[in-house]
Amino acid sequence: MSNIIAFCELKQGKPRSVAKEVLSASYQVAQGLGAKVIGVLVGPLADGAADELTSFGADRLVHIGHSSLEAYSTEGYAQAVAEVANSESPAAVLFPASAMGKDLSARVAAKVGRPLLTDCTELKVEDGRLKIGRPIYAGKVFMKSAIASDWAVISLRPKIFQPQTVDGASATLETREVTLDESKIRAKVVEVKQESGATVDLTEADFIVSGGRGMKDPNNFVIIEELAKSIGATVGASRAVVDAGWRPHSDQVGQTGKTVSPTLYVAVGISGAVQHLAGMSSSKIIVAINKDPEAPIFKVATYGVVGDALKVAPALTEAINKAKSE
Amino acid sequence: MLKILLLLKTVADSEASIRPTSDGKAVNLSDINFILNPYDEYAVEEALQIREKAGEAELVAVCYGDDTATKTLRTALALGVDRGVHIKGQPTFDPLATAKTLAAAVKDMPFDLILCGKQAIDDDSAAVGVMVAELLDIPSVSVVVDLDIADGKVKATREIEGGHEIVETALPCLVTAQKGLNEPRYPSLKGIMAAKKKPIEELEAAAIESRIETISIGLPPARPAGRIVGEGVEAVPELVRLLKQEAKVL
């Protein structure tokens, strides 16, 4: 019996939402391959915090709470995950393609000497073989692959694989001791700075409102922020306004920024350069507000409004706020 | 003197329209403008700034690729890198194979610090840098937006969801650069002239087979056709109605 190893990312001792996504994707693959799912949790775990993961189809949840793993370190966490993977005859080891997952999966793959596929959006089992789909060139093209190895390490793009509980599933939680070479834990996180009042990160947001050059002035981004607030969205930006210094680079959506897949993406005053479209065209619903009816953003928009962003966006905010109060 | 290695890649311009080849097995890269990977620009700039601060440092740029690598290396040399190493070969879509080739090429080169971009904007794996570090048995910090090196100690700020992590380590180490690390400069005319005289060493790439088998490369799934709801603020009520009743997202 082979196993799918699902890395369940923790933050401050609690599972992040991507942990459930990875468990659910692992369960689907395991069903296709006739395998079992082992969830791996590394680092401090709050009392009872693993309970919310037990119903997602895993057979076992394995917690590694070594004293040297209290803060995240690529090398320490990689040693822990590699040790579990090597001892559990895996068919695949799955990570979220989060900040931690991308960093860690690369170390783990190199450590165990198995191929890596990152930021995948499609996982299928066909004829008993795992087929993996991932966007390349920022989503301009889509690659489907198979693995020419006994197993592989795979990271999954957040917000693509839906978390689904499995009827009757009840994973056991066990604690596992690992032997770490502490002389090889050389880069350590000494401090975590969360932005105060920060909303959900762009890569994990259900709603995003992005502004571009059509906002005309950095001060006009207050319009974007108010629209975002009205629907509980995270603020994004086009490369043009990031390069102009209007917004921080962490807000940038597109090929040299973040790739996002929200339920609703509102593009305000963004023309839709190919490198921007690459980063957001997998959004479920896209709204575009732009004065140029020929702007490429309208080619991907579910709903388009041709008009001055500085007038239409505040009217939209007002209408949404009014609708909410009714 | 601090020795810095730069791992660079040549990629298709981010503005380029990318299409699959007619057999659906590869990417059509004819008539495409190739550039130095944008994230690698931040790595090069950081190396230049470290040298300016320290007064001296040796900067060596390593590029694994076909003949397009020469242009990438000349760009780095024009910016002020001292010399180039061209690892001749064709990287695949298997990041571990690429990392093994790079690690084999640089393992006997002296270095204190390796810098590269956080990802190449073609296969978007965002993995090769960290893999090279593991293969060379050195620590790494990825997706770095602030880097401070003093007396062999390294303090790096890496971007995470909604915040940052401060990571401490020591040289030798590998750092992957994220946008925001610095503001890359343009090459000067003097730099471009000087670059022509700087040496580029050629090495044959170690033959590492890809273990990622391409089934197909195609266009992304097409989006269902959208519609223009209307013009100006008059269209707002209908837009809100559609978002609530049709799309059911509000």
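Counting every C-alpha pair in the stretch B:1-119, the share spaced more than 19 angstrom apart comes to 48%. With the biggest extent put first, the Cα atoms of chain A measure 60, 45, 41 Å across the principal axes.
In this simple spin-label model, placing a label point 7 Å from the Cα along the Cα-to-Cβ direction at both A:LYS311 and A:ARG213 gives a separation of 2.1 nm. Taken over the stretch A:202-325, the ratio of Cα radius of gyration to 2.2 N^0.38 Å equals 0.92. Each of A:ALA152, A:PRO163, A:ALA80 was placed along the dipole of chain A (beta-carbon charges, centred on the mean Cα), and the one lying farthest toward the positive end is A:ALA152.
Inter-chain neighbour count for B:117-128: the average number of beta-carbon atoms from partner chains within 10 Å of each residue's beta-carbon is 6. Spatially, the stretch A:66-132 and the stretch B:208-226 are offset by 22 Å when compared through their Cα centroids.
Distance from the alpha carbon centroid of the stretch B:50-125 to that of the stretch A:2-48 works out to 36 angstrom. For the stretch B:213-225, 3J(HN,Hα) computed residue by residue from phi via the Karplus equation (6.51, -1.76, 1.60; θ = phi - 60°) reads 8, 7, 7, 7, 10, x, 6, x, x, 5, 7, x, 4 Hz, glycine and proline entered as x. Average 1/r across all pairs of distinct alpha carbons in the protein assembly as shown, invert it, and you get the Kirkwood radius: 24.5 Å.
For chain A, modelled as a GNM whose springs connect Cα atoms under 10 angstrom apart, the maximal fluctuation among A:SER283, A:SER87, A:SER170 occurs at A:SER87. Quick one: net charge of A:VAL312's neighbours, Cβ under 14 Å, K/R +1, D/E -1? Here the count lands on -4. Within the shell defined by Cβ-Cβ distances under 12 Å, the residues around B:LYS3 carry a net charge of -2, with Lys and Arg each +1 and Asp and Glu each -1. Given +1 at the Cβ of Lys and Arg, -1 at the Cβ of Asp and Glu and no other charges, the dipole of the stretch A:202-325 around its Cα centre is 120 debye to the nearest 20.
Each of B:GLY80, A:SER105, B:GLN90 was placed along the dipole of the protein assembly as shown (beta-carbon charges, centred on the mean Cα), and the one lying farthest toward the positive end is B:GLN90.
Between the stretch B:128-190 and the stretch A:181-195, the C-alpha centres lie 14 angstrom from each other. I need to check one value: relative contact order of the stretch A:68-160, counting alpha carbon pairs closer than 8 Å and at least 6 residues apart, in percent. Averaging sequence separation for qualifying contacts and normalising by length gives 33 percent for the stretch A:68-160. Measuring against 23 Å, Cα to Cα, the residue pairs B:LYS71/B:LYS197; A:LYS311/B:LYS244; A:LYS124/A:LYS299; A:LYS111/A:LYS188; A:LYS229/A:LYS258; A:LYS102/A:LYS144 contain A:LYS124/A:LYS299 as the ones spanning a longer distance.
Other residues whose C-beta falls under 10 angstrom from the C-beta of A:ALA71 contribute a net charge of -2, scoring Lys and Arg +1 and Asp and Glu -1. When +1 charges are put on Lys and Arg Cβ atoms and -1 charges on Asp and Glu Cβ atoms, the dipole computed for the stretch B:2-204 relative to its Cα centre reaches about 600 debye.
Ordered by the number of other Cβ atoms lying within 10 Å of each residue's own Cβ, fewest first, B:GLU202, A:GLU21, B:GLU45 fall into the sequence B:GLU202, B:GLU45, A:GLU21. Using C-alpha pairs under 8 Å with a sequence gap of at least 6, the mean separation divided by the residue count of chain B gives a relative contact order of 24 percent. Computed from backbone phi with θ = phi - 60° and the Karplus coefficients 6.51, -1.76 and 1.60, the 3J(HN,Hα) list for the stretch A:160-170 is 9, 8, 7, x, 9, 6, 10, 4, x, 6, 7 Hz; x is used for glycine and proline.
Find how much the distance from B:ASN28 to B:GLU213 grows on full extension, using 0.36 nm per residue of separation minus their present alpha carbon separation; answer in nm with one decimal. So the chain would gain 64.8 nm between B:ASN28 and B:GLU213. The ranking of A:GLU195, B:GLU41, B:GLU168 from fewest to most other beta carbons within 10 Å of each one's beta carbon is A:GLU195, B:GLU168, B:GLU41. Net length available on complete extension from A:GLU177 to A:GLU52 is 42.7 nm, with 0.36 nm assigned per residue and the Cα-Cα distance removed.
Evaluated with a Cβ-only charge set (Lys, Arg +1; Asp, Glu -1), the protein assembly as shown carries a dipole of roughly 900 debye about its Cα centre, given to the nearest 20. Each of B:LEU242, B:LEU36 was scored by other Cβ atoms within 10 Å of its Cβ. Arranged with the fewest first, they read B:LEU242, B:LEU36. Sequence-distant contacts, meaning Cα pairs under 8 Å at least 6 residues apart, place the relative contact order of the stretch A:228-303 at 24 percent.
When the convex hull of its Cα atoms is viewed from all sides, the stretch B:2-204 shows a mean projected area of 11.8 nm².
Computed from the coordinates by the stated procedures, all read-outs in this text should not be read as laboratory data. Just so you know, these numbers come straight off a predicted model, no measurement behind them. Methodologically, a virtual Cβ is constructed for each residue, glycine included, from the backbone with ideal geometry; neighbour enumeration extends over all protein chains shown.
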